[in-house]
Protein chains: 2
Amino acid sequence: MTSDNKRPLTLRDVSDATGVSEMTVSRVLRNRGDVSEKTRVKVLAAAKELGYVPNKIAGALASNRVNLVAVIIPSLSNMVFPEVLTGINEVLETTALQPVVGVTDYRAEKEEKVLYEMLSWRPSGVIIAGLEHSDAARAMLNAAGIPIVEIMDTDGKPVDAMVGISHRRAGSEMAKAILKAGYRHIGFMGTKMPLDHRARKRFEGFTEALAKEGVEIEDRNFYSGGSALAKGREMTAEMLERSPDLDFLYYSNDMIGAGGLLYLLDQGIDVPGQIGLAGFNDVELLQGLPRKLATMDACRLEIGRKAAEIIAAQLDNPEEEIENRITLTPTISYGDTLKRR
Amino acid sequence: MTSDNKRPLTLRDVSDATGVSEMTVSRVLRNRGDVSEKTRVKVLAAAKELGYVPNKIAGALASNRVNLVAVIIPSLSNMVFPEVLTGINEVLETTALQPVVGVTDYRAEKEEKVLYEMLSWRPSGVIIAGLEHSDAARAMLNAAGIPIVEIMDTDGKPVDAMVGISHRRAGSEMAKAILKAGYRHIGFMGTKMPLDHRARKRFEGFTEALAKEGVEIEDRNFYSGGSALAKGREMTAEMLERSPDLDFLYYSNDMIGAGGLLYLLDQGIDVPGQIGLAGFNDVELLQGLPRKLATMDACRLEIGRKAAEIIAAQLDNPEEEIENRITLTPTISYGDTLKRR
DNA sequence: GTGGGGCTTGATTGCGCTAACCTTGTGTGA
DNA sequence: TCACACAAGGTTAGCGCAATCAAGCCCCAC
């Protein structure tokens with residue numbers, strides 16, 4: 001506990017110290033209404049001297065305005081969501097809004113809890129990852145009466161606005177690229193995450209596109225926990241032991257893909273001649289690998305930016321109709337591990 | 001904007017719907033005070049049916065209690081702070097407290113702004129990275145009248161409590177280990193971050209310990225921005241070109257160290273025979289590298305846990321004197337790149 | 001039957017601030 | 001010289017909820 005345990009300061013204290021009314025102090029601190037330069041200076045000096053910090057709780061209650069935007073995401077421990085946050089921040093910094101982040105760990109019941117908790121602070125908007133929510137969560141979003149943007153994914157119906165990419169399409173595009181390059185014996189590796197709907201959709205899009213050409217995934221492997229890079233190595237070793245005839249490995253994220261790549265290079269296997277590889281996400285990390293992994297970028301920064309822009313625009317002018325169903329197009333990057341015919 | 005734009009619900013609405021007073025509804029929703037099972041059930045049903053979400057702003061103002069803990073960190077884009085957050089979360093989840101994260105980008109003026117913003121919501125405690133703050137920030141922390149824990153670093157004087165490691169000592173320990181292993185021609189690579197005080201302290205500790213043995217750093221290189229892995233490669237290539245006699249490279253973080261390692265292996269250089277390597281942080285990523293980089297773990301999870309425990313304990317019982325200056329001891333991990341004599 | 005104790009519920013008040021209105025003082029133009 | 005506009009600042013009334021205290025109710029022991 002820090003030193004001086006006196007009663008916390010209020011507008012009243014600043015008012016007493018300067019001789020002007022509380023209202024005038026409030027006006028000065030918010031830069032609102034007409035205040036003479038003289039009193040403005042005096043009030044600011046006193047507030048600073050006393051160390052007064054306005055109580056936003058009281059302010060929010062009185063004005064019925066809260067400059068917070070709830071941002072609800074599944075995880076902070078891979079690079080994808082921090083980058084989305086960066087995009088959100090970039091835009092919100094140009095406004096009076098502030099993001100507040102909640103993490104769900106990919107669990108619907110936690111999402112519900114976090115959402116409830118955040119809504120109880122009456123934010124001005126919500127940015128939430130995914131289109132899949134519990135009925136209760138969806139009901140809360142509907143009833144909140146504030147702008148809602150669902151991000152990352154556009155394969156489904158949003159509550160209000162949405163910004164993302166089609167993961168189904170991303171999977172299918174990658175499948176087409178792989179087939180076009182001439183690979184036919186394909187293995188898949190991913191996370192053991194029934195609740196990661198976007199990974200699931202990519203997988204579905206992938207297998208469907210293969211099926212159209214009469215190709216089936218010949219082996220698959222899932223992991224959970226641990227270092228993704230190490231897991232990528234392990235799983236790849238296992239899979240090639242089990243299915244030595246594979247000529248392509250598709251990884252549900254770049255990190256395990258990088259692990260697989262490092263393993264294959266260690267083993268002296270010809271990549272992409274004997275075996276081709278691809279991941280997903282285009283993480284920065286890949287730039288430093290001995291060979292560049294084929295991947296697809298997920299437009300993370302752009303998703304964050306657009307989502308924040310939608311919130312800001314709606315708050316700015318609720319009447320205005322703006323584009324609020326945005327599907328971005330991820331670009332495939334062939335790198336050095338997906339040979340083109 | 002979501003559908004029904006009616007006036008937001010209040011306790012009053014639930015009260016009207018059930019026929020009991022607002023106070024009783026409040027009691028039910030907070031599980032506070034004696035309420036008969038019958039009315040409890042009735043009220044909960046009505047609240048759920050209406051989709052009522054309590055207004056914490058009003059609640060906080062009335063009760064003068066806010067169950068938020070402000071967590072202020074420099075960045076989310078490397079793995080170190082998310083892991084600290086995980087530790088904080090683990091502990092706070094066992095309490096009624098909730099973390100709220102603010103990011104400073106290693107800039108003092110932004111730290112000040114973020115702190116001011118967070119304090120204006122009157123949190124119950126603050127966890128803030130580092131011991132270096134602007135005078136204004138320190139004044140705010142002092143005047144806040146709530147538990148403050150400064151984390152990561154213990155080389156300095158805290159405002160209140162602190163939990164971390166001595167980065168100066170971490171640097172010096174690594175220097176000793178390197179010398180003991182017989183290396184003498186040492187290069188250093190790090191981030192171009194005058195404001196990362198912990199990196200600076202490690203560097204100082206490192207050079208001082210070397211100096212004691214009459215050894216000086218022979219070359220150094222700093223980077224900013226871009227993929228750390230790629231930068232590690234580039235800088236290492238440059239440095240070895242410039243100073244081919246180096247026999248050890250010390251990196252200020254594991255990510256650039258990993259880049260350097262991959263580069264040296266590519267070049268067929270004998271690691272650790274010809275050149276030894278070490279990084280800092282013990283990131284999970286290292287597990288998947290072809291060779292394990294020597295490093296030092298920064299006790300990130302534990303720092304988060306302990307910090308949260310201190311906050312929780314102080315709020316629980318402000319009188320109780322608890323250990324609030326905790327210096328953890330990082331353990332050095334030799335991996336495969338720091339040969340021992 | 002009756003007084004008292006515990007359980008349950010209700011009424012009042014105010015948290016710190018801001019929206020909306022109101023008052024005062026000053027300068028300006030006809 | 002006077003009316004009037006407008007800038008500068010004050011007054012009043014809540015925002016939605018929880019602390020506090022008071023009141024109602026029921027049941028049991030004596």
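Among the residues that make up the stretch B:322-332, is at least one of them among the charged types (D, E, K, R) and either in contact with a Phe, Trp or Tyr (Cβ under 9 Å, 6 or more places away or on another chain) or not assigned by TED's automatic domain parsing to the domain that holds B:Ala228 (or both)? Full working, then the answer.
Within the stretch B:322-332, the first condition is being among the charged types (D, E, K, R), and the residues that meet it are B:323, B:325.
Within this subset, residues satisfying the condition of being either in contact with a Phe, Trp or Tyr (Cβ under 9 Å, 6 or more places away or on another chain) or not assigned by TED's automatic domain parsing to the domain that holds B:Ala228 (or both) are B:323, B:325.
Yes.
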Seminar exercise, completed: Filter the stretch B:68-86 for residues that are in a loop (DSSP other than H, G, I, E, B) and open to solvent by 30 Å² or more (accessible area, probe 1.4 Å); the one that is nearest to the other protein chains (Cβ to nearest Cβ) is B:Ser77
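Take the stretch A:156-188 and flag every residue that is charged (D, E, K, R) and closer than 17 Å to A:Ser252 by Cβ. Walk me through it before giving the result.
Our first condition is that a residue be charged (D, E, K, R); within the stretch A:156-188, this holds for A:157, A:160, A:168-169, A:173, A:176, A:180, A:184.
Scanning the stretch A:156-188 gives A:Arg168, A:Arg169, A:Glu173.
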Problem set entry | Criterion: free of Cβ contacts under 8 Å to residues at least 24 places away in the same chain, surrounded by fewer than 18 Cβ atoms within 10 Å (Cβ to Cβ), assigned to a loop (DSSP other than H, G, I, E, B) and on the phi < 0 side of the Ramachandran plot - qualifying residue of A:Arg12, A:Arg65, A:Arg7, A:Arg40 | A:Arg7
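Given A:Lys56, A:Lys48, which one is outside the structural domain of A:Asp316 (by TED's automatic domain parsing) and open to solvent by less than 60 Å² (accessible area, probe 1.4 Å)? Write out each step before concluding.
On the way: A:Lys48 fails: open to solvent by less than 60 Å² (accessible area, probe 1.4 Å).
Checking each option against the conditions leaves just A:Lys56.
Can you tell me how many residues in the stretch B:284-311 are among the hydrophobic types (A, V, I, L, M, F, W, C), in a helix (DSSP H, G or I), over 19 Å from A:Arg233 (Cα atoms) and open to solvent by 10 Å² or more (accessible area, probe 1.4 Å)?
Residues of the stretch B:284-311 among the hydrophobic types (A, V, I, L, M, F, W, C): B:285-286, B:289, B:293-294, B:296, B:298-299, B:301, B:303, B:307-308, B:310-311.
Subsequent filtering for residues that are in a helix (DSSP H, G or I) retains B:285-286, B:301, B:303, B:307-308, B:310-311.
Now restrict to residues that are over 19 Å from A:Arg233 (Cα atoms): B:301, B:303, B:307-308, B:310-311.
Filter once more, keeping what is open to solvent by 10 Å² or more (accessible area, probe 1.4 Å): B:301.
So the count comes out to 1.
In this structure, is B:Gly232 modelled with pLDDT of 95 or more and either in a loop (DSSP other than H, G, I, E, B) or over 22 Å from B:Ile165 (Cβ atoms) (or both)? Before the answer, list the steps.
On the way: modelled with pLDDT of 95 or more: yes; either in a loop (DSSP other than H, G, I, E, B) or over 22 Å from B:Ile165 (Cβ atoms) (or both): yes.
Spelling it out, B:Gly232 is indeed modelled with pLDDT of 95 or more and either in a loop (DSSP other than H, G, I, E, B) or over 22 Å from B:Ile165 (Cβ atoms) (or both).
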Problem set entry | Count - residues of the stretch B:36-66 that are more than 8 Å from DNA strand C (Cβ to nearest atom) and over 31 Å from the mean Cα position of the chain (by Cα) | 14
Exercise. In the stretch A:87-110, which residues are open to solvent by 20 Å² or more (accessible area, probe 1.4 Å) and touching a strand residue (DSSP E or B) at 6+ places or on another chain (Cβ under 7 Å)?
Worked result: A:Asn89, A:Leu97, A:Gln98, A:Pro99, A:Val100, A:Val101, A:Val103
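Quickly run through the stretch A:89-128 and pick out the residues that are more than 8 Å from chain B (Cβ to nearest Cβ) and among the basic types (Lys, Arg). Walk me through how you get there before you give the answer.
First, pick out the residues of the stretch A:89-128 that are more than 8 Å from chain B (Cβ to nearest Cβ): A:90-97, A:99, A:102, A:104-115, A:118, A:123-128.
Within the stretch A:89-128, A:Arg107, A:Lys110, A:Lys113 meet the criteria.
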For this session: Look through A:Leu246, A:Leu262 and report the one residue that is crowded, with 17+ Cβ neighbours inside 10 Å, away from chain B (no Cβ under 12 Å) and over 30 Å from A:Gly130 (Cα atoms).
Result: A:Leu246
Problem set entry | Matching residues, the stretch A:36-58, being more than 7 Å from every other protein chain (Cβ to nearest Cβ) and touching a helix residue (DSSP H, G or I) at 6+ places or on another chain (Cβ under 8 Å) | A:Thr39, A:Arg40, A:Lys42, A:Val43, A:Leu44, A:Ala46, A:Ala47, A:Glu49, A:Leu50, A:Tyr52
For this session: Mind telling me which of the residues A:Asn281, A:Asn324 ends up being crowded, with 22+ Cβ neighbours inside 10 Å, modelled with pLDDT under 95 and touching a helix residue (DSSP H, G or I) at 6+ places or on another chain (Cβ under 6 Å)?
Result: A:Asn281
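The values are calculated or read from the model by the stated rules, or taken from the named source; none is laboratory data. Keep in mind the model is a prediction, meaning the values are calculated, not measured. We place every Cβ from the backbone using ideal geometry, glycine too, and count neighbours over all the protein chains shown. Just so you know, the surface numbers come from the protein's heavy atoms only, side chains and all, with ligands and any DNA or RNA stripped out. Shrake-Rupley method; radii C 1.70, N 1.55, O 1.52, S 1.80 Å.
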